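For reference, the structure discussed in these notes is given below.
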Amino acid sequence: QLRLVESGGGLVHPGGSLTLSCVVSESTFDSYTIGWFRQAPGKAREGVSCISGSGGVTNFADSVKGRFAGSIDNAKNTVYLELSSLEPDDTAVYYCAASASPTVQAMCVMAPPASYQYDYWGQGTQVTVSS
């Protein structure tokens, strides 16, 4: 059973930055696609980003494109989501998720796959953007 643990959330002013971390329990996760999602109170879960375990494929939702970036540190079994130019509308609980499906990796080339495509989820980390 793959386990994912997010961290790095917090309170930040508009225009600020945060880096979220997702530690994956398996040391070789290059066969997985890692997705980042967020859910604000009263809103549906939104796909933010996807990144292949090899780091060769990344994609972002239009709402965050140019402001968020993704990376992988295989030595630390960790996937990062770097948030910058944060806006109050970015306030949400952020989740990472994983899928071992090659189809999901192929989908990531086009756009971040939907939440139902992922099999494993972390517990989430709160990001609050407020002055």
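Worth pointing out:
- Of the residues making up segment 38-50, those that are open to solvent by less than 70 Å² (accessible area, probe 1.4 Å) and not acidic (Asp, Glu) are ARG38, GLN39, ALA40, GLY47, VAL48, SER49, CYS50.
- Of the residues making up segment 70-107, those that are hydrophobic (A, V, I, L, M, F, W, C) and closer than 17 Å to VAL129 by Cβ number 5.
- Residue count, segment 1-36 (criterion: within 15 Å of ARG67 (Cα to Cα) and aromatic (Phe, Trp, Tyr)): 1
- Annotation note: Cβ proximity below 6 Å between a residue of segment 1-25 that is over 18 Å from ILE51 (Cβ atoms) and of a type in the set (Gly, Ala, Ser) and a residue that is open to solvent by less than 60 Å² (accessible area, probe 1.4 Å) and not in a strand (DSSP E or B) (sequence gap 6+ or interchain) occurs for GLY16/LEU86; SER17/SER84.
- Yes/no for GLY124 being within 12 Å of the chain's Cα centre (by Cα), at positive phi and not polar (S, T, N, Q): yes
- GLY35 being open to solvent by 20 Å² or more (accessible area, probe 1.4 Å), modelled with pLDDT of 95 or more, closer than 15 Å to TRP121 by Cα and touching a Pro at 6+ places or on another chain (Cβ under 8 Å): no
- For segment 102-131, the set of residues classified as among the hydroxyl-bearing types (Ser, Thr, Tyr) and open to solvent by 40 Å² or more (accessible area, probe 1.4 Å) consists of THR103, SER115, TYR116, TYR120, THR128, SER130, SER131, listed by residue number.
- Candidate set from segment 64-80 (those that are at pLDDT 95 or above and part of a loop (DSSP other than H, G, I, E, B)); member that is least open to solvent (accessible area, probe 1.4 Å): VAL64
- Summed over segment 90-106, the residues that are more than 20 Å from SER7 (Cα to Cα) and either among the aromatic types (Phe, Trp, Tyr) or touching a residue at least 40 places away in the same chain (Cβ under 8 Å) (or both) give a count of 4.
- Filter result for TYR32 (in contact (Cβ under 8 Å) with a residue 12 or more places away in the chain, of a type in the set (Phe, Trp, Tyr) and in contact with a helix residue (DSSP H, G or I) (Cβ under 9 Å, 6 or more places away or on another chain)): yes
- Residues being surrounded by 14 or more Cβ atoms within 10 Å (Cβ to Cβ) and either among the charged types (D, E, K, R) or over 16 Å from the mean Cα position of the chain (by Cα) (or both) - total across segment 3-15: 2
- Taken over segment 81-99, the criterion of being open to solvent by 10 Å² or more (accessible area, probe 1.4 Å), in contact with a strand residue (DSSP E or B) (Cβ under 8 Å, 6 or more places away or on another chain) and either part of a loop (DSSP other than H, G, I, E, B) or farther than 19 Å from ALA40 by Cβ (or both) is satisfied by GLU82, SER84, GLU87, THR91.
The values are calculated or read from the model by the stated rules, or taken from the named source; none is laboratory data. Just so we're clear, the structure is a prediction, and the values are computed from it rather than from any experiment. Positions of Cβ are backbone-derived with ideal geometry, glycine not excepted, and every protein chain shown enters the neighbour counts. Note: areas computed on protein heavy atoms with side chains; ligands, DNA, RNA excluded. Shrake-Rupley method; radii C 1.70, N 1.55, O 1.52, S 1.80 Å.
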